[in-house]
Structures are given as structure tokens and as C-alpha cells.
1. Collect the residues in segment 312-339 that are among the charged types (D, E, K, R), at pLDDT 95 or above and part of a loop (DSSP other than H, G, I, E, B), keeping them in residue-number order.
2. Considering Y405, Y392, which residue is away from the ligand (no atom under 16 Å from the Cβ), in contact (Cβ under 8 Å) with a residue 60 or more places away in the chain, crowded, with 23+ Cβ neighbours inside 10 Å and aromatic (F, W, Y)?
3. For K184, indicate whether it is surrounded by fewer than 16 Cβ atoms within 10 Å (Cβ to Cβ), of a type in the set (K, R) and either more than 14 Å from the ligand (Cβ to nearest atom) or free of Cβ contacts under 8 Å to residues at least 12 places away in the same chain (or both).
4. So, in segment 216-226, how many residues would count as being surrounded by 21 or more Cβ atoms within 10 Å (Cβ to Cβ), more than 6 Å from the ligand (Cβ to nearest atom) and either modelled with pLDDT under 95 or of a type outside the set (A, V, I, L, M, F, W, C) (or both)?
5. Of the conditions (1) outside any helix (DSSP H, G or I); (2) away from the ligand (no atom under 15 Å from the Cβ); (3) crowded, with 24+ Cβ neighbours inside 10 Å, P361 satisfies every one except a single condition; which number is it?
6. Please return the ranges of strands (runs of 3 or more DSSP E) entirely within segment 183-260 where 1 or more residues are basic (K, R).
7. When segment 326-358 is examined, which residues are found to be buried (at least 23 other Cβ atoms within 10 Å of the Cβ), within 8 Å of the ligand (Cβ to nearest atom) and hydrophobic (A, V, I, L, M, F, W, C)?
8. Could you check A375 against (1) part of a helix (DSSP H, G or I); (2) touching a helix residue (DSSP H, G or I) at 6+ places or on another chain (Cβ under 9 Å); (3) more than 15 Å from the ligand (Cβ to nearest atom) and say which number it fails?
Amino acid sequence: MDEPLDIVILGGGTAGWMAAAGLAGLLPPGRCRVRLVESDAIGIVGVGEATLPHIKNFNDSLRIDEAEMMRATNATFKLGVQFVDWGFKGSSYLHPFGVHGSAGAGLGFHQQWRRSLDAGRDWDIQDFSFACMAAQANRFDFPATGKPTINSTYSYAYHFDASLYSKFLRQVSEPRGVVRIEGKVRDVEQDPDSGDIRALIMESGERIAGDFFIDCSGFRSLLLGSKLGAQWEDWSKWLPCDRALPVPTERCGELTPYTRVTAMDAGWRWRIPLQHRTGNGYVFSSRFIDEDKARQELLDALDEPTLAEPRLLKFQAGRRVRSWQRNCVALGLSSGFLEPLESTSIYLIQIAIMHLLPLLPGKRHDQRLVDEFNARMDVEYERIRDFLILHYHLNTREDSELWRYCRSMEVPDSLERRIRLFRHSGIVEAYKDGLFTPPSWLSVYIGQGLTPEHFNPLAEATPLNHMLRELDELREDIRDRVDELPRHSSLVARYANAQQASDALLHEAEARV
Ligand SMILES: Cc1cc2nc3c(=O)[nH]c(=O)nc-3n(C[C@H](O)[C@H](O)[C@H](O)COP(=O)(O)OP(=O)(O)OC[C@H]3O[C@@H](n4cnc5c(N)ncnc54)[C@H](O)[C@@H]3O)c2cc1C
């Protein structure tokens, strides 16, 4: 067998520990040796608290017990994102992790719904989504498995404490062979001929050499950005928010199984319910509001008492044109950041790991692998970029400069084309690679006020009265079944009670003394 590849990960935030866990858990034994360098003094950004359903696959593939992970990270369940005041003031809709209508609706359920509008019904399309209805009722249960039924038409993700998730992954990774090195990197040694990174030089003077480096150093991007000079692509003309003020508040009484994001005059505010506290923050554009005013607007809008002062984070929406250069690949914030609206950053870390594993080189550089990885990441980033821009662009708000700017800005051609198609007759492009399937696009288009001008004639295959009766029955069925679900708060308490788990640990420790 070839000698193991010596991999050095710089950074111990979500990106660093997900990479470590992925390499240690998914590669055959002996394929690589993994060391992770992180600095306690620098710490981690620690604000990625809402996730997408894909993270469950990641955890499952690492044989992580779900309830254990949830207890360790104070997690709750997430069925989607509620958007308040986005398309227009007073509006509210949910982007669910699931379809509208029953499974296997073929042409797209929304075509039937659009036809029902012409027949004089003013049904809310959300009434046909099991996930939307469950979320609105603050109820949650695991999706049914086996035969497709209406309660198997959704998936779920988590809200969790991001700092605790990194710690949890560390506990998973170290027994699987990952070696952690604490300390600050002072310098980076490069091969004078090839330009490859050879070693990290620590403040202590220690030299950490490797064959392959994974840059997870956060916004600093010490290896890919600072050392290798990877080019930055600025997307802030489409995604103008460039500041965030996160602030934790006390736990909310009823845990909502969804993230709430409320549009503000110069950006938007999030609310994420965890078991022990609520995560909040204001993401805003410094072109349209100053920091003091944003801070005040945020504090005025909070539902629960604060647990700390808001702290300012600065960023620019965009990404490194190539996440992999020479013998270094960047994951997480060091490769790019598109702002947190649809909780896509942790997904981007995960998908980058999944693309990287089969393309991981041997001891020698191979440009074909690099190009393939970068091409796959281009697709991922651009899909998400367009989807996020849609939220800003598709609005009819007249009350603030930011929203007027976003409505009138020129958007990428790829997005312009998609919007035109949907406006015409509800055509939603389905693509094979990349995030966000048609139900996601659909919920944002309709939620933000864009109703197709026509329905697709193929939707007329069923006689109208028959179709309307079926829709009505479906609505009823969903309502009845949702009523039978447990409340989200009680299911979390029963399945993954973090407080009970920490009390048990305390008792165990006391018993040992
Ligand atoms: C306001 C905001 C809200 C967000 N919300 C979400 C969300 O809801 N969902 C989501 O998916 N994502 C979200 N994100 C993104 C998410 O926070 C990040 O993608 C995720 O935390 C990964 O961060 P990271 O590991 O890349 O960087 P970091 O957490 O910053 O980690 C960087 C690591 O590098 C180390 N390091 C840096 N320099 C050195 C050095 N010189 N020597 C040694 N070590 C060093 C640090 O010690 C640290 O361990 C949000 C981001 C922001 C800004």
C-alpha cells in the first residue's frame, strides 16, 4: 500500500472538525494521517446555528447517534425557515424541507394549485405542505418511512450550538486517530519551486509539515487567501449585507421547529430556538444603516431578555474563485461566505468534503483532480448565490432604500431566466447537481408574491371538479394528521434532553469524588 497522505487541517471551527471527522470516519484505514491545528486564543466564529437536512446524512455516515449529538449541542429540530415581511410588509411564508402536495405529484403540485386559483379558490399553497402545517402548529415527529404517505413528504434538520457541535466532532474524531495541536500559526513555509505549502510554523517554533493542507482558518483564510493569493470574487452587488450582530437571548417558551427570519429596513433578523437559549442576530448592509442604529433596532425587536452584548462581525458576500490551489483546499469561511440567510455554509462545508474525498490526491499533485473539484464547487456556489439573490430581488417593498435597490438591481442571467419561466407558467427548473430542489424555489417564488400567469395545460388532464375535491381532501388530511403529532418541545425533551444529560454527567462526576 502507498504511504499514508499526511494531511494538516488549519482551524478547529465547524469546518475544521467536520473535515477531520469526515477524513477519519470515511476514508479506508491507512489512507491518511490527520493532524488539526487550532488556537484557543483565537477561538471560532461559532454562529452557524441553523442547518439543512443534509447534515443528518453526514452524521449518519459517521455513525453518530442522533439523540446523543442533539443532547451534546442543545439541539432542536428544524422543518424549514419562516420568512416574515420579505416580499412585502405583513407577509409571512415558510420555506419547508418538503414538498407541497402528496409525494410523486409528477408535473408539480403547484400547477394544480394554480389551476384552483382560476377556479375561484383562494387556498394558501402552504396548507398543502405537511412540513409547513406541522411547523406552524409547533409540532414535530420523524417522517414516516416505508410506503410513501403524506407524512413522509418532508425531511428535517437541526438548530444547534455551533461551538458545541465542533467540540462534539472533536470527541468523535480523536479516538479515530485525528491528532489535535493547540497553538497559533505564525508563518507558512512554501516550496520555492512548486509553490506548494510545505509546513506551518507555530509561534512556539514547532514546524508542522504535511503533504496536503486544508485551510479552515475562517475569514482569515491564512493558507489559500493570504499565502497562495487565491483570487476573491465579490458578490456584494447582489448580496449587499456585510455586517452581522449576533446576540443570544434566554430560551423561548415554546420551541418553534423552524428558524424565523424577519426582513428589517436594512437587512434581516434571525431567531433560532435552542434548548438552553435562543440565537438571534441582525444581518445588515452598512451602506444602508450604521452599526449603532442597527444595534438599537435589534435590541428593540428581541422577544426574550439578552444573555450577552451583540458583537459585530464584518464580511463580504463572495468566494475564492478556486477553493483548491496547489496542495491546499479551503473549506468553510476561508473559501467563501454567501451570508447566512438559508443556512447554507455548513452544507457547503459538507458538500466540499464529499467532493474532496474521492478526489483526494496521492503524494503527487494532479491538476485534473483540482480542476474537477473546483468545477463542482462552482456549481454549488452559483446555485446557492442565485437562490439567495431571489429572496432580495423579488420584493414589492417601497418602505426602505435597501429593498428598492434590491428590486431594481440587475441579477445574474441564470436567475433572470428562471424567474421569467416561473412567471410565465410556473416552470421550475430541476437540476441534478447543487442545492435547492424545485419545492424550495417554488416556496420562495410564491411566498414572495410571484404567482404564475398561467398554469401548464398538462394540469388539465384531471377533470376540474375531481381535482378540486382531491385538493380539499388533501388539505383536510394534512390538518388531521398534524393535529396528532407531538408538540415539538415535548418531543425534544423526551428524545434529546440536554439538561437531563448534563445533570446525569454531573451526578456521575459527584459519585466518583
Ligand atoms: C452571522 C453569521 C451567521 C451564520 N449562521 C449560519 C447558519 O445559521 N448556518 C450555517 O450553516 N452557517 C452559518 N454561518 C456560517 C458558519 O458560522 C461557518 O460556516 C462555520 O462556523 C464555519 O466556520 P469556520 O470553521 O470556517 O471558521 P471559524 O469558526 O472562524 O474557525 C476558524 C479556526 O481557525 C483557527 N485559526 C485561525 N487563525 C489561526 C492561526 N493563526 N493559528 C491557529 N489557528 C488559527 C481558529 O482558532 C479557529 O479554530 C454564519 C456565519 C455568520 C458570520
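The values are calculated or read from the model by the stated rules, or taken from the named source; none is laboratory data. No experiment lies behind these values; they were computed from the predicted model shown. Here the Cβ is made from the backbone with ideal geometry for all residues, glycine too, and neighbour counts use every protein chain on show.
1. Passing the criteria: R322, R326.
2. Going through Y405, Y392 in turn, just one is away from the ligand (no atom under 16 Å from the Cβ), in contact (Cβ under 8 Å) with a residue 60 or more places away in the chain, crowded, with 23+ Cβ neighbours inside 10 Å and aromatic (F, W, Y): Y392.
3. no
4. Result for segment 216-226: 1.
5. The one condition P361 does not meet is (3).
6. 185-190, 197-202, 207-209, 243-250
7. L331, L333, I346, L348, I349
8. (2)
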